[in-house]
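The values are calculated or read from the model by the stated rules, or taken from the named source; none is laboratory data. Keep in mind that what you see is a predicted model, and the values were worked out from it rather than measured. Every residue, glycine as well, gets a Cβ built from its backbone with ideal geometry; the counts of neighbours run over all protein chains shown. What goes into the accessible areas is simple: the full protein's heavy atoms, side chains included, and nothing from ligands, DNA or RNA. Shrake-Rupley method; radii C 1.70, N 1.55, O 1.52, S 1.80 Å.
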Amino acid sequence: MNSIVSPFFADVMLGLMYLVVAIALGVTAYSVWHGLRNRRKGDDVINRVPAGRIGWCVAIGLVVCMVLTFLLGSSDPVVTNGVRFTDTLWLKVTDMFIYTSTLLIIGCFVSAIVSRFRS
């Protein structure tokens, strides 16, 4: 017996992991939508800053960024630890998360620098 974990148990655990990730993404999306939708109208502008507009722009911008980076992501096979990965969907999803994270980090640095020199 080479394996400590049976293949059935591993498949069940992977299925549960996918289910938990899907539920977490759904709850996150609902929370963002609910928070932006049920905000009091008096909260839209705080100290002359259009908070409502900024919130909607950030949420929509993130979705657009993720869709674009998914579409532009590479689906070329990757060899890792001697194993060849060829699943197009997961290769594109991986590129999407890497590129989106990189763009968000660059955006944070740029906005911090711009806000520092703005009077």
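Observations, loosely collected:
- Sole residue being modelled with pLDDT of 95 or more and either touching a helix residue (DSSP H, G or I) at 6+ places or on another chain (Cβ under 7 Å) or more than 30 Å from S115 (Cβ to Cβ) (or both), chosen from A10, A51, A22, A59: A22
- Some residue of segment 89-100 being open to solvent by less than 80 Å² (accessible area, probe 1.4 Å) and either free of Cβ contacts under 8 Å to residues at least 12 places away in the same chain or not in a helix (DSSP H, G or I) (or both): no
- Matching residues, segment 37-82, being among the basic types (K, R) and in a loop (DSSP other than H, G, I, E, B): R39, R40, R48
- Scanning segment 16-34 for residues that are open to solvent by less than 90 Å² (accessible area, probe 1.4 Å), of a type outside the set (A, V, I, L, M, F, W, C) and over 26 Å from I105 (Cβ atoms) turns up at least one hit.
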